[in-house]
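*Asks:* So that we are looking at the same thing, I have put the structure below in structure tokens.
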């Protein structure tokens, strides 16, 4: 699944840089959506045809991707949308689709940011205008993977935990709890410290 997330992150950053918007949903569990147009493109692996994925994502609506990386629906209207306070309809659709363990990457045309949602939480924000951000997609995926098994998903929805924005890598903001932030910082420092000879 890592190369799927990396591919989608690269495409979302490219779209955001062009001041356009998109929504990619990696669907681990079903949610309500309906296609806005007839689905005449057969499912295909997104990392094998990035150009086609990008073209379909530029249509109105979301692209739905299976956990194996197949694009199974495009130009999809997400139904029963819940409001994501302070943001517009694309953010609310991404937030809604992310519930039930789905991962959603969305590009915002307003501020050129890519936001990543999981389990009804905004977990990461990437600045598409940050110099060299495209080269950091492996870092994004490794942070996503560590968050996936980490503290964020263990917190119950009813628990009100203060969230902080943490920047470990320029252009990448991670939304997390203070406890998990320190854990993640320690992990990144250990990895960076072990990888360099001084």
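*Asks:* Does residue 51 satisfy being more than 12 Å from the chain's Cα centre (by Cα), at pLDDT below 95 and within 17 Å of residue 12 (Cα to Cα)?
*Replies:* yes
Conditions tested, residue by residue: (1) surrounded by fewer than 16 Cβ atoms within 10 Å (Cβ to Cβ); (2) modelled with pLDDT of 90 or more; (3) farther than 25 Å from residue 19 by Cα.
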site	(1), (2), (3)
96	no, yes, no
104	no, yes, no
117	no, yes, no
157	yes, no, yes
171	no, no, no
179	yes, no, yes
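*Asks:* Something else: Give the residue, chosen from 45, 36, that is touching a strand residue (DSSP E or B) at 6+ places or on another chain (Cβ under 8 Å) and more than 19 Å from residue 5 (Cα to Cα).
*Replies:* 36
*Asks:* Has region 83-94 got at least one residue that is touching a helix residue (DSSP H, G or I) at 6+ places or on another chain (Cβ under 8 Å) and modelled with pLDDT of 95 or more?
*Replies:* no
*Asks:* Here is a further query. For region 16-33, does any single residue satisfy the condition of being under 26 Å from residue 131 (Cβ atoms), out of contact with any strand residue (DSSP E or B) (no Cβ under 8 Å at 6 or more places or on another chain) and not in a loop (DSSP other than H, G, I, E, B)?
*Replies:* yes
The values are calculated or read from the model by the stated rules, or taken from the named source; none is laboratory data. Please read all numbers here as calculations on a predicted model, not as lab measurements. Positions of Cβ are backbone-derived with ideal geometry, glycine not excepted, and every protein chain shown enters the neighbour counts.
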